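As structure tokens, the structure follows; a few thoughts come after it.
Coordinate-derived values only; no laboratory data. These numbers come from a predicted model, not from an experiment. Reconstructed Cβ throughout: ideal geometry from the backbone, glycine too, with neighbour counts over all protein chains shown.
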Amino acid sequence: MKIEQDQTPNGLRVVSLLIPSGVSALRVLFALCLVVYFVDAPAEIFFTALIGVPIVMSMDALDGILARYFRSQTIFGSFIDIAADRLVEFIFLLHLLNIGLIPSWFVFIFYGRIILADFCRMRAFRTDQMSAEGIFLPHSVRSLVMSRISRSGYGALKGTLFSVLLLASYRGLQSPGLLENMLMLATLAVSLIRATPILFTYLPFRRISAPRPGWLKSTRETQTTRIAYGVQLLSDIGILVFLLGR
């Protein structure tokens, strides 16, 4: 697959690459500030749940929109987007686990799925099945995982779960009720459904016959991102052990 020569001046090219990643970094910082804010001022949890969490989750879509607008999608930028998702999830889950509104079984299944998906991405790198648009999947199941509807729907579901649990904290609940448990089960169900095509494609270790994607920018970028995904896999395992040990 031939890649067209990018005629964008170098300075503007650098800016266009940094803007989407900058939004991802701001999303993590904003989530951290929200948690610190309502821990210090519990009365503001209501505002955080209804306004703050939706803003954080909406920023997940914004970085992708900006990357497409500036035509600055890269394989490393895709990693940054996923890493930001992991950090935002960890920030909220750690707080909710500390106050007893997220049970250990949810954390185990949620991060178990993440670890398996990270392992699959590592195998995708070894078989040259990664691109700026994500991991290679057969066309028949790709939309289930990679489509904007799938991604935004799952993000909205996670955001709803975090908001509802924070509202439960605002109401003084010390353990999840029926609504909260139903949302947790729905979130895990959607998460596992979206992960199933990735797991079935890469975990059986069968030969992947699809052609190598043609979107890899450079060997250096590919190797850097591969190392970054390896670090992320180890960090996700560490996070799971840390959360379950609390």
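Here the simple spin-label model places points 7 Å from the Cα toward Cβ, and for H139 and V190 these points are separated by 2.8 nm. Overall dimensions of the chain, expressed as equivalent-ellipsoid semi-axes from the Cα gyration tensor (√(5λ), whole Å, largest first), are 33, 22, 15.
Of the candidates Q232, Q223, Q129, which one comes out as most mobile in a Gaussian network treatment of the chain with C-alpha springs shorter than 10 Å? Of Q232, Q223, Q129, the Gaussian network model singles out Q223 as fluctuating most. Working note: Karplus 6.51/-1.76/1.60 with θ = phi - 60° gives the range 127-141 the couplings 9, 6, 10, 10, 9, 5, 9, x, 6, 5, 9, x, 4, 5, 10 Hz, where Gly and Pro are set to x.
In a reduced charge model with +1 at each Lys and Arg Cβ and -1 at each Asp and Glu Cβ, the chain shows a dipole moment near 860 debye about its Cα centre.
With a cut-off of 8 Å between alpha carbons and a minimum separation of six or more residues, what is the relative contact order of the chain in percent? Walk me through the numbers on the way to the answer.
Numbers: 239 pairs, mean separation 74.1, N = 246.
Over the chain, the number comes to 30 percent.
Computed from backbone phi with θ = phi - 60° and the Karplus coefficients 6.51, -1.76 and 1.60, the 3J(HN,Hα) list for the range 98-110 is 4, 9, x, 9, 10, x, 5, 5, 5, 4, 4, 5, 4 Hz; x is used for glycine and proline. Farthest toward the positive end of the dipole of the range 10-244, out of M130, V190, S24, is the Cα of M130, where the dipole comes from beta carbon charges about the Cα centre.
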